[in-house]
Amino acid sequence: MAVRRLEAAALDALFGALRRRGYTLVGHTLHDGAIVYDELGGADELPIGWTEVQDAGHYRVVRRDDAARFGYTVGPHAWKRFLHPPALRLWRAERDADGGFELLDEPHETPRYAFIGVRPCDIKAIGIQDRVFMGGAHVDLDYQARRAAAFVVAVHCTEPGGTCFCASMGTGPRANAGFDLALTEVPPPGGRGDPSYLLEVGSERGGELLAELGGRPARDDEIAEGDRRLTEAAGRMGRTLDTHGLVEALRRSLDNSRWEEPAARCLACGNCTLACPTCFCNTVEDTTDLTGAFAERTRRWDSCFTLDLSYIHGGPVRTSMKSRYRQWATHKLATWQEQFGTSGCVGCGRCITWCPAAIDLTEEVAVIAASAQARATRRQARVTQPVAGGKEAGDAA
Amino acid sequence: MLPRSAETPRGAHPALAGAPHLDPLRTVPFRVSALHGDNDDTFTLELTPPPGHDVAPFEPGQFNMLYVFGVGEVPISISGDPDRPEVLVHTTREVGAVTRAMRRLQTGDAIGVRGPYGTSWPVGAAEGRDVVLIAGGIGLPPLRPALYHVLARRERYGRVMLLYGARTPEDLMFPNELAEWRSHFDLEVHVTVDRATGSWRGNVGVVTPIVKRAPIDPRRTVAMVCGPEVMIRFACEELARRGVSPQDTFVSLERNMKCAVGLCGHCQLGPHLVCRDGPVFPFDQVERLLDHGEV
């Protein structure tokens, strides 16, 4: 489908077209000093003219000198809160007179969300959670229903943030798939006034909206300008992570004493896992009402930084802070591969920004990987170099 | 080395036979048809399904999620006979809120069941080989279905051995069956206790020296090991010393589980989800991870 060029007013048309189709619109909005995801009444509720400054343990919203609608990256929220809610009742049951119980059939309506402004890293993150919740022998039916109903309006990233490293993870700054519609925001010449948009269609149901959005086919020079901005963005990432050989290096680093460093700073608060768009660990709570006649089971987000997550009779498996940080980082970047056939990291940088101790995943992992590689090199050297006297080194292994 | 066959399925079976469409997180209220204490803190439950449902067939080594109304849900291995799936039997120890509440249930009370889940002991692939079962304490119940399976098809196996250790004679699981098994001429049963009490005149000591002395032919042996993790590691170390390959050694591991269907993340062991890739693993797949600890 050809790229189209839209005026800023087309966003209102887009919101209207989605609302007419019964979608609940969710997108970025400014709330309590952060850009969060919430229900949007109209395009005027977007954080127009705002951006963020992000660094390890640091986040501030600041004014821009233009009227960009999408002039920021990602905040503390992730879309998972709408697809895999922080708390969800799985079922209710009622006790009957003879010691038995029955699960109650409750009316259940799947919310139909239209996500406005999903960043390429987050599109990839949704794809990763798709594999977790729908890719195995057992499917999370609630997730599956929410996911099938969701409409995705992507926004490619022309201005990466201070903790972004999607270019390293191969997930951005352009989304290649996984959206119904995708926008590239282009500032007006001279920076004053409203931006315009390049629009790509990613699905049939996305295409059905075109007639209601106005605009015209984009000219080649306009498309080239959008491409140029995206290429440039890839070179301006706030962070980088060398993923070459990383999975193997982490696999060999269970006993690396360097894990002690981040562990000494980590507060086990779980912020990183809550902010992470792919972290999926969850627990259940079983409760009864005061009469004891009704019981229910609620699923809640959990975190591998808690002691409870690994608790079995006798105590938690991962007691030390080191083992919990190592579990999180190793799972995210290495063992996720074996479990779900993909990395668990999309390079969005949320875990870095929202860590109150300013622990930087890219920095920690780079040091661990480097020391694993150094060890491997030393081992290699011992195997190949004959020791004095012409005998092969016997302690190579 | 054993072929990694369909006997260790990835993923698992529907909650109930004939109802694969059911939400994997919904429990099915079974009824307690019998409950008896085995020893001080262990007990066995027999469960029957609600009218209109059959108990799903299970493989030796698989587990169910058992739910006590309003209290919680825990993974518990099936300890019954896989050839008699109509009676669902679980044996466990009282260790937490859920198992304590479970023991207080009465005949006729409901208990939620989801499963069976997980991989199984390689009883099919072990045909034609010697089978060495090694259990520690409450590790015997998860191995019992494998022993039932083997004894019911005794002619298909070579030597069959059960090496079993418990803390004290009073902690031995299924003492009557142990006595019965010892009366078989084609089954070798070696029992030991850490600490002798009362009139015990049998072996005293941990299970490892028994593994050391047992008449094991490493090339013919398939070993299945279940018990506390530290016992598993020592037993497997000894098996390796005897020449049994870690690929022919199978262990059943225990981790926290909330969903049992690969969706909650609790039971991770490095690259494995124990509910999905285990609980039964060839030892070579987990040896390194267990060595490191806290993985």
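Since every read-out is calculated from the coordinates, none of them should be taken as a lab result. Just so we're clear, the structure is a prediction, and the values are computed from it rather than from any experiment. Reconstructed Cβ throughout: ideal geometry from the backbone, glycine too, with neighbour counts over all protein chains shown.
Some observations on this one:
- Extension gain from A:H313 to A:D65, taking 0.36 nm per residue of separation minus the Cα-Cα distance: 83.5 nm
- With neighbours defined as other Cβ atoms within 10 Å of a residue's Cβ, the residues B:V204, B:V95, B:V89 order from fewest to most as B:V204, B:V95, B:V89.
- Student exercise, chain B dipole from Lys, Arg, Asp, Glu Cβ charges, in Debye to nearest 20: 280
- Distances between placed amide hydrogens fall under 5 Å for A:V118 paired with A:V153, A:A154, A:V155, all partners being 5 or more residues away or on another chain.
- Within-14-Å neighbourhood charge of A:R192 [Cβ basis; K, R +1; D, E -1]: -2
- GNM top mover of A:A43, A:A374, A:A137 - chain A, alpha-carbon springs below 10 Å: A:A137
- When the Cα positions of A:A167, B:A146, A:L254 are compared along the charge dipole of the protein assembly as shown, A:L254 comes out farthest toward the positive end, with charges on each C-beta of Lys, Arg, Asp and Glu.
- Segment B:130-292: antiparallel DSSP beta bridges as a percent of all, rounded to 5: 15
- Kirkwood hydrodynamic radius of segment B:130-292, Cα pairs, Å: 16.4
- Computed from backbone phi, the HN-Hα couplings of segment A:141-154 come to 5, 5, 4, 4, 5, 5, 5, 5, 7, 6, 9, 10, 9, 7 Hz, rounded to whole numbers (Karplus: 6.51 cos²θ - 1.76 cosθ + 1.60, θ = phi - 60°; Gly and Pro given as x).
- Here the sum of -39500 (n - 2.57) over DSSP H runs of 4 or more residues, divided by the residues of chain A, equals -8500 deg cm²/dmol at 222 nm, to the nearest 500.
- Under-5 Å amide H pairs with B:T192, H placed in peptide plane, nonlocal only: B:Y164, B:G165, B:A166
- Residues whose amide H falls under 5 Å from that of B:V222, counting only those 5 or more places apart or on a different chain, are B:D130, B:V131, B:V132, with hydrogens built in the peptide plane.
- Rounded to the nearest 5, the antiparallel percentage of DSSP beta bridges internal to segment A:100-216 is 45%.
- Summed side-chain charge close to A:A218 - residues other than A:A218 whose Cβ falls under 13 Å, Lys, Arg +1, Asp, Glu -1: -3
- Environment charge of B:A235, counting only residues whose C-beta is closer than 12 Å and scoring Lys/Arg +1, Asp/Glu -1: +1
- Label zone of A:E225 (point 7 Å out along Cα→Cβ, amide N under 11 Å): in segment A:182-200 this covers A:186-191, A:195-198.
- Evaluating 6.51 cos²θ - 1.76 cosθ + 1.60 at θ = phi - 60° for every residue in segment A:362-378, the Karplus couplings come out as 5, 6, 4, 5, 4, 5, 4, 5, 5, 6, 5, 5, 4, 4, 4, 5, 4 Hz, glycine and proline recorded as x.
- With the simple model of a label 7 Å out from the Cα in the direction of the Cβ, B:R84 to B:S33 spans 1.0 nm.
- Summarising the overall dimensions of chain B from its C-alpha atoms, the Rg and Dmax are 18.3, 55 angstrom.
- Gain on full stretching of the segment that runs from A:A376 to A:H58 - 0.36 nm per residue minus C-alpha separation: 110.9 nm
- Fluctuation leader among B:S199, B:S79, B:S120 - chain B, Gaussian network, Cα springs under 10 angstrom: B:S199
- Derived from the Cα gyration tensor, the three semi-axes of the equivalent ellipsoid of chain A are 39, 33, 18 Å, largest first.
- The three principal axes of the C-alpha atoms in the protein assembly as shown carry coordinate ranges of 95, 86, 41 Å, sorted with the longest axis first.
- Candidate lysines for bridging to A:K332, where Cα separation is under 21 Å - those fewer than 8 sequence places away on the same chain excluded: A:K80, A:K124, A:K322, B:K258
- What the Cα atoms of segment A:206-329 give is an Rg and a Dmax of 23.8, 70 Å.
- Residue (of B:G72, B:T44, B:V28) at the positive-pole extreme of segment B:28-80, dipole from beta-carbon charges: B:V28
- Its residue count N fixes a reference of 2.2 N^0.38 Å for segment A:4-234, and the Cα radius of gyration divided by that reference is 1.13.
- Rg followed by Dmax, in Å, when segment A:150-229 is reduced to its Cα trace: 13.7, 38
- For segment A:144-183 versus segment B:171-233, the gap between their alpha-carbon centres in whole angstrom: 58
- Restricting the GluC sites (Glu not before Pro) of segment A:59-129 to loop positions (DSSP other than H, G, I, E, B) with no more than 13 neighbouring Cβ atoms within 10 Å leaves A:E109.
- For segment B:227-295, GluC sites (Glu not before Pro) meeting the loop criterion (DSSP other than H, G, I, E, B) and having at most 10 other Cβ atoms within 10 Å: none.
- Highest-MSF residue in chain A out of A:H77, A:H331, A:H138 [GNM, Cα springs under 10 Å]: A:H138
- Karplus-based coupling profile of segment A:196-211, in residue order and whole Hz: 10, 9, 9, 10, 10, 9, x, 7, 4, 5, x, x, 5, 8, 3, 4, with θ = phi - 60° in 6.51 cos²θ - 1.76 cosθ + 1.60 and x standing for Gly or Pro.
- Within chain B, helix-based [θ] at 222 nm, where runs of 4 or more DSSP H residues each add -39,500 (n - 2.57), nearest 500: -6000 deg cm²/dmol
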